[in-house]
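The block underneath contains the structure these notes are about, expressed in structure tokens.
Nothing in this text is a laboratory measurement; each read-out follows from the coordinates by a stated rule. This structure is a prediction, so every number in the text was calculated from the model and none was measured. Because the Cβ atoms are built from the backbone with ideal geometry, glycine has one as well, and the counts that use them run over all protein chains shown.
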Amino acid sequence: MSEKQKKASAYWKENVRYLFILLAIWFAVSYGAGILFKDTLNEIKMGGFELGFWFAQQGSIYVFVILIFAYVRLMNSLDKKYGYDE
Amino acid sequence: MDVQTWTYLLVGITFSIYIGIAIWSRAGSTNDFYVAGGGVSPLANGMATAADWMSAASFISMAGIISFAGYDGSVYLMGWTGGYVLLALLLAPYLRKFGKFTVPDFIGDRYYSKTARIVAVICALIVSFTYVAGQMRGVGVVFSRFLEVDINTGVIIGMVIVLFYAVLGGMKGITYTQVAQYCVLIFAFMVPAIFISIQMTGNPIPQLGMGSRLNDGSGIYLLDKLNGLSTELGFAEYTDGKKSTIDVFMITLALMVGTAGLPHVIVRFFTVKRVRDARKSAGLALLLIAILYTTAPAVSVFARTNMINTVSNKEYTAMPEWFKNWETTGLLAFDDKNGDGKIQYVADPSKNELTVDRDIMVLANPEIANLPAWVIALVAAGGLAAALSTAAGLLLVISASVSHDLIKKVFVPSISEKGELWAARGAATVAVVIAGYFGINPPGFVAAVVALAFGLAAASFFPAIVLGIFYKKMNKEGAIAGMVVGISLMLFYMLKFKFGIFDGGKEAVPGLEKDWWFGISPEGFGSVAMLVNFILSIAIMKFTPPPPENVQEIVEDIRIPSGAGEATGH
């Protein structure tokens, strides 16, 4: 494997690791908090909101936005680290 | 000024802006026509994507659906936003790096096969056509209610406008008109929401107002009040819902994956300069979409509470003017079953006297809350912006599929660039006419099929694209089999359980729900079909030859962000 290929596959590995972490959070807030554990979380109240309901109709969407911007920042610095930025 | 004058004024101004932009940004080359010259800034692309994405369904129908479904409506909120996370992380950057014009372009090249390309074109056409017909219908409804023209005249006016700027400007014209349309539609959605939030809870931010106490002096939380009203009338608790957990799970998944697999959304990311711009613009698009999507559930709660308070057990003769206005459109109907002159609005169908079409909740909301005339007119202009922007984006996918993927890549490879540009314009014209025909003569199944378009996209495109990027060894045999079986399975389930075709019916035969596989509704079945697609693709790949060396090199290349040139058709 050439030097160039080694660099590319190391970059790819780190990228995939970020994806796993970010998608785990994506799954946890929507399918976890908003659907599977909704009833349990609904026992907790936050102002007028039951927490599970809040995650399903508000919270998960806020987290989605944050996740994409976190990804943008992580990847920009990863690109820089490997010299793929332009 | 009255509502109608205001509506003519606002619709007239916004339409002139769209036409002006279209003339200013005419397309000169196929590159302009398909991907807007590839030089769109991330913010402009984010706004255009958001307008492209938020259709008449998001603007007009969604808050209404949620207002009747309560918690169950969450599937749309999470499904239609969570898909952008998948899009940003798994698809957009790599497809931008790949640098072609269309989704079938990617499938055809990555799977080194004309068959794969044609299968992808057919999937793209099925998905886009079902979707665009619904948009035209939305335009017609807004025109007929607010400008008091005939629904059909409304559809034709909409057709002419879209035709004008889609055919003239291509992707370039569409992109910049969509930027303007985003501004119009978000302003139109937020203004009434903020007004009503202040009116009901004293909090100007609807997202917070939804969870606040009522300011009528009772000190009760709005959601508690609504839960109480709902159970009193025999409906399910608003924050609880009726659907089974597995069905909510599967529908959400199908909508998310379908969103990420919709061709008219994916192509938007071919228009930016660099891979990092594609990532950033996906984030901006979702941020701009989230503004509407987090406000919508608040609007649902306000509208539902207001409506119950206004009509429940009140004298029919004392109803306000909006009630009569909507009755004439047929979208609101009162039937005094027990003859007491009062409106009984309850869950029990044998006693219920009021039928309300879900689509009127957003449009009637400002009237129910007694807001000024210009706000009501603004909502009409916003609904039109939402429907037109989505219709234009879909038409572009249809015309590119025909002129680029079929004519240029399959049938007449020798066609000149100029010829291809004219073919694209011709295809867009034909597509507008067909869409308009369906808008005027809507086949009964349009509304149902629009929701299922996501299932179809999830079952076909998503696995083929993701495997194409993340699994270097994925070959054409696996991908084609996966797409064909995935989309067929989804179509079969849809025909069987949504339309009851195999049980002798034209519509879903009652009682069919208990035969649903694993208790999953047709709307959620796209998730199952997608899993089948994934498993089948991988299984078949194991027994067939690996892709050629140069294809594996393409995959390695798209994984690295630098060096993304302009999108090309070659």
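At-a-glance table
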{"read-out": "Candidates A:GLY32, A:GLY59, A:GLY47, ranked by Gaussian network fluctuation over chain A, Cα under 10 Å, top entry", "value": "A:GLY47"}
{"read-out": "Packing-based exposure ordering (other Cβ within 10 Å, fewest first) of B:MET530, B:MET319, B:MET171", "value": "B:MET319, B:MET530, B:MET171"}
{"read-out": "Tilt relative to chain B, helix B:245-261 - C-alpha long axis, 0 to 90 degrees, to 10", "value": "50"}
{"read-out": "Residue-averaged beta-carbon neighbours from other chains (10 angstrom radius) around A:11-23", "value": "2"}
{"read-out": "Electrostatic dipole magnitude of the range A:10-82 [Cβ: Lys, Arg +1; Asp, Glu -1; Cα centre; debye, to 20]", "value": "360"}
{"read-out": "Dipole axis of the protein assembly as shown (+1 Lys, Arg; -1 Asp, Glu on Cβ), positive-most option in B:VAL272, B:GLN552, B:SER537", "value": "B:GLN552"}
{"read-out": "Residue among B:ALA457, B:SER16, B:GLY330 farthest towards the positive dipole end of the protein assembly as shown, charges placed on Cβ", "value": "B:ALA457"}
{"read-out": "Share of alpha-carbon pairs per 10 Å distance bin for chain A, given as whole %", "value": "16, 34, 23, 16, 9, 2"}
{"read-out": "Theoretical ellipticity at 222 nm over chain B - DSSP helices of four or more residues, -39500 (n - 2.57) apiece, nearest 500", "value": "-22000 deg cm²/dmol"}
{"read-out": "Likely footprinting exposure, B:LEU89, A:LEU22, B:LEU185, fewest C-beta neighbours within 10 Å first", "value": "A:LEU22, B:LEU89, B:LEU185"}
{"read-out": "Positive-end residue, the range B:205-269 charge dipole about Cα centroid, Cβ charges, pick of B:GLY241, B:MET256, B:ASN215", "value": "B:MET256"}
{"read-out": "20 Å Cα-Cα reach of B:LYS418 towards aspartates and glutamates, excluding residues that sit fewer than 8 places from it in its own chain", "value": "B:ASP32, B:ASP105, B:ASP405, B:GLU566"}
{"read-out": "222 nm mean residue ellipticity, helices alone, for chain A (DSSP H n ≥ 4; -39,500 (n - 2.57); rounded to 500)", "value": "-21000 deg cm²/dmol"}
{"read-out": "When each of B:LYS97/B:LYS473; A:LYS7/B:LYS472; A:LYS80/B:LYS476; B:LYS243/B:LYS476; A:LYS80/B:LYS409 is checked by Cα-Cα distance, pairs over 29 Å", "value": "A:LYS80/B:LYS476; B:LYS243/B:LYS476; A:LYS80/B:LYS409"}
{"read-out": "Contour minus Cα-Cα distance for B:TYR316 and B:GLU553 (0.36 nm per residue)", "value": "78.2 nm"}
{"read-out": "Other protein chain Cβ atoms within 10 Å, averaged over every residue that makes up B:208-215", "value": "3"}
{"read-out": "On Cα atoms only, tilt of A:60-82 relative to the major axis of chain A in degrees", "value": "10"}
{"read-out": "For the protein assembly as shown, fraction of C-alpha pairs farther apart than 43 Å, in %", "value": "21"}
{"read-out": "Taking chain B and dividing mean pair separation by its residue count, relative contact order in percent (alpha carbons under 8 Å, at least six apart)", "value": "29"}
{"read-out": "Simple Cβ-charge dipole of the protein assembly as shown, Lys/Arg +1 and Asp/Glu -1, about Cα centre, in debye nearest 20", "value": "2320"}
{"read-out": "Distance between modelled label sites at B:LYS337 and B:VAL149, nm, 7 Å Cα→Cβ extension", "value": "4.0"}
{"read-out": "Degrees separating the helix B:525-542 axis from the principal Cα axis of chain B, which is the longest one", "value": "10"}
{"read-out": "Nearest-20 debye value, chain B charge dipole, Cβ charges on Lys, Arg, Asp, Glu", "value": "1840"}
{"read-out": "Percentage relative contact order, the range A:10-82, counting C-alpha pairs under 8 Å, at least six apart", "value": "33"}
{"read-out": "Number of partner chain Cβ atoms within 10 Å, mean per residue of B:276-287", "value": "5"}
{"read-out": "The range A:1-53 versus the range B:296-359: alpha-carbon centroid distance in Å", "value": "42"}
{"read-out": "Neighbour-count order for B:GLU321, B:GLU148, fewest beta carbons within 10 angstrom listed first", "value": "B:GLU321, B:GLU148"}
{"read-out": "Cα-derived Rg to Rh of chain B, Kirkwood definition", "value": "0.98"}
